[in-house]
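The values are calculated or read from the model by the stated rules, or taken from the named source; none is laboratory data. Computed from a predicted structure; not experimentally measured. Glycine also receives a Cβ, built like all others from the backbone with ideal geometry; neighbour counts cover every protein chain displayed.
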Amino acid sequence: MQENFGKLRNREDAARYVREKYARPCSTNLLDKMAVTGLGPEFRKVGRFVVYEESALDAWALPQIGPPQRSTSEAPARKPTTSAPSPQPQPEMARTKIPSYRVKNGNGFFEPTPAMRAAGIKPIACGPDGPAAWSKAREQLERWSDIKSRATPRRGSFAPAERQADGGREQ
């Protein structure tokens with residue numbers, strides 16, 4: 001299976017392309033951050049390197065350009081943006097942080113705190129970063145919540161055995 005790609009540009013060349021063609025501020029840091037949030041142009045990976053097709057950069061930058069106008073005082077009223085594609089749904093991790101979950105080289109790991117380790121929860125490799133790995137990390141956090149809830153009595157439910165035996169009176 002062979003795909004025909006347009007011209008591929010690394011992140012630095014892609015930022016320069018957007019700046020020069022669309023007169024839009026664009027930096028490698030912006031493209032990097034937008035790749036994390038899912039709001040930037042589509043990209044591909046060549047090994048560990050990110051590359052952009054010019055067509056993807058054009059599709060991302062064009063909707064951000066407003067209509068022609070003759071005066072700033074007569075600018076058309078801003079209408080809801082319907083021509084620009086709605087932002088891509090953000091990955092679940094972008095909205096929710098999972099405590100003790102780390103990503104290294106594209107793989108997720110659950111790294112318990114010292115208190116968790118003392119309770120018997122061990123570090124685990126969760127697999128490639130994504131929903132399946134997040135689920136494994138959440139399972140470990142649920143185990144930790146269960147352990148903590150069993151170890152600490154609920155408020156108002158704790159009464160020493162001696163006081164319960166004699167009806168709560170002090171002697």
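Brief remarks on what is shown
- Subset of the stretch 107-146 (residues that are assigned to a helix (DSSP H, G or I), of a type outside the set (D, E, K, R) and within 22 Å of the chain's Cα centre (by Cα)): Pro131, Ala132, Ala133, Trp134, Ser135, Ala137, Gln140, Leu141
Here's the yes/no breakdown for (1) closer than 16 Å to Asp58 by Cα; (2) assigned to a helix (DSSP H, G or I):
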{"residue": "Phe5", "(1), (2)": "yes, no"}
{"residue": "Ala14", "(1), (2)": "yes, yes"}
{"residue": "Glu20", "(1), (2)": "yes, yes"}
{"residue": "Lys33", "(1), (2)": "no, yes"}
{"residue": "Gly40", "(1), (2)": "yes, no"}
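Rundown of residues vs (1) farther than 24 Å from Asn105 by Cα; (2) in contact with a helix residue (DSSP H, G or I) (Cβ under 9 Å, 6 or more places away or on another chain), yes/no style:
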site: Lys21; (1), (2): yes, yes
site: Arg24; (1), (2): yes, yes
site: Leu30; (1), (2): no, yes
site: Leu39; (1), (2): no, yes
site: Glu42; (1), (2): no, yes
site: Lys45; (1), (2): no, no
site: Phe49; (1), (2): no, yes
site: Glu54; (1), (2): yes, yes
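- Criterion violated by Met93 - all others in (1) within 22 Å of Ala132 (Cα to Cα); (2) buried (at least 16 other Cβ atoms within 10 Å of the Cβ); (3) at pLDDT 80 or above satisfied: (3)
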